[in-house]
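Data first, discussion second: the structure below is written as structure tokens.
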Amino acid sequence: MSIRPWIVDDRLWMLIEPLLPPWPERSPGPRPVADRLCLQGILYVLYNDISWQLLPLELGFGSGQTCWRRLERWQQAGIFGKLQRILLTELHAAGQLDWSRACVDSSHLRAKKGVPTPVRRRSTGARRAVDVT
């Protein structure tokens, strides 16, 4: 692992960049921070477990709010699910995945409801009254 694991190298960036949605040509406000820098800012925040407001501007990743907005935009576009599939495919092709140690997280699997078990219900239909005389 590198000394600064939030830095995205060229090989990884070549896989990520085509997945990112294009920036609108006529967007209001200042010129946006480059996608690669925003991604590195996001990774920095996650790796160092800091709040978005504590992202140092000196690193050149943009503000924490900028990185957070870009993360939200990419999340809504489904970028991370696509990226995960691509990276798993790449790692599997390189023989770097050990599927015998795979773990399934139930929060990502749909629960099968199955057939409901029959429950005895009280009848509400008319019954002959018991003769007590």
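Quick notes on this one:
- Residue in region 118-133 that is assigned to a loop (DSSP other than H, G, I, E, B) and modelled with pLDDT of 90 or more present: no
- For region 83-105, the candidate set comprises residues that are within 17 Å of the chain's Cα centre (by Cα), open to solvent by less than 90 Å² (accessible area, probe 1.4 Å) and not β-branched (Val, Ile, Thr); within that set, the residue that is farthest from Leu15 (Cα to Cα) is Asp105.
- Qualifying residue in region 86-109 (condition: free of Cβ contacts under 8 Å to residues at least 12 places away in the same chain, of a type outside the set (A, V, I, L, M) and under 20 Å from Asp35 (Cβ atoms)): no
- Complete set of residues in region 1-32 that are among the hydrophobic types (A, V, I, L, M, F, W, C) and assigned to a loop (DSSP other than H, G, I, E, B): Met1, Ile3, Trp6, Ile7, Val8, Leu20, Trp23
- Any hit, region 61-71, residues being out of contact with any Phe, Trp or Tyr (no Cβ under 6 Å at 6 or more places or on another chain), touching a residue at least 24 places away in the same chain (Cβ under 8 Å) and either among the β-branched types (Val, Ile, Thr) or open to solvent by 100 Å² or more (accessible area, probe 1.4 Å) (or both): yes
One line per residue, one yes/no per condition, for (1) surrounded by fewer than 11 Cβ atoms within 10 Å (Cβ to Cβ); (2) β-branched (Val, Ile, Thr); (3) touching a Leu at 6+ places or on another chain (Cβ under 8 Å):
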| site | (1), (2), (3) |
| --- | --- |
| Leu12 | no, no, no |
| Pro30 | yes, no, no |
| Asp35 | no, no, yes |
| Pro56 | no, no, no |
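The values are calculated or read from the model by the stated rules, or taken from the named source; none is laboratory data. None of the values given here were measured: they were computed from a predicted structure. All Cβ positions, even for glycine, are placed from backbone atoms using ideal geometry, and neighbour counts span all protein chains on display. The area values use the complete protein model at the heavy-atom level, side chains included, leaving out ligands, DNA and RNA. Shrake-Rupley method; radii C 1.70, N 1.55, O 1.52, S 1.80 Å.
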